[in-house]
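Written below as structure tokens is the structure these notes are about.
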């Protein structure tokens, strides 16, 4: 059966139209669309990196602050342990005669850049006297190379040529000072051949500024300790 020219023409037109639609449906992204997609992806990536970097820096800062606070707390615990156990015993250095005062507090002691302090304390753990040493310990504190250091000797009376053991306690310290309480006022030096009622230590740090701690001592004039406790 032969179709009319009109029907043939209509079928041809429909076929061309369907082909045109198929070609349009298979068409890819334009350059503009690709550029917009890349820009959006870049912004999202940059935002994610900024947030991630901020989290890492915050975590690092928090870790440093925690370590710094632990360093300060540990140092003051050691200082408190030493000062609260001060002994009424003078120091003997390099096998020489015992020094006159119980507390050595001269500014030029132990090659210190600032004030220094030295004394003998009780309570150096030696269970059953297993080690060939006393339970008393000669200790000193000094500022050296912007670090608060604790020095001690193996024997309470150091022998000739014995070098002290050095333990760094607090870093980034610019100034170090000690004060001594006699029951009435704080003094910058302690020339007396006795023990004060309390000792204060001030360290000027680069990050926290001046930190002051005061420690009671089993010193002379025990009846005046209540006065100090009431003031602090």
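What follows is calculated from the coordinates using simple rules that are stated; it is not laboratory data. Just so you know, these numbers come straight off a predicted model, no measurement behind them. When we count neighbours, we look across all protein chains shown, and the Cβ atoms used for this are built from the backbone with ideal geometry, even at glycine.
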Item checked: Theoretical gain in end-to-end length, residue 167 to residue 61 [0.36 nm per residue, Cα-Cα removed] -> 35.6 nm
Item checked: Where labels lie 7 Å past Cα in the beta-carbon direction, separation of residue 154 and residue 42 in nm -> 6.8 nm
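Given a Förster distance of 22 Å, report the FRET efficiency between residue 133 and residue 78 from their Cβ-Cβ distance, rounded to the nearest 0.05. Each step should come with its number before you reach the end.
On the way: r = 19 Å, r/R0 = 0.86.
Plugging the Cβ-Cβ distance into 1/(1 + (r/R0)^6) gives 0.70.
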Check: At a Förster radius of 41 Å, what calculated FRET efficiency corresponds to the Cβ-Cβ distance of residue 53 and residue 30, to the nearest 0.05?
Finding: 0.75
Item checked: Distance-filtered residues of the stretch 48-63 - backbone nitrogen under 18 Å, label point 7 angstrom along residue 211 Cα→Cβ -> 61-63
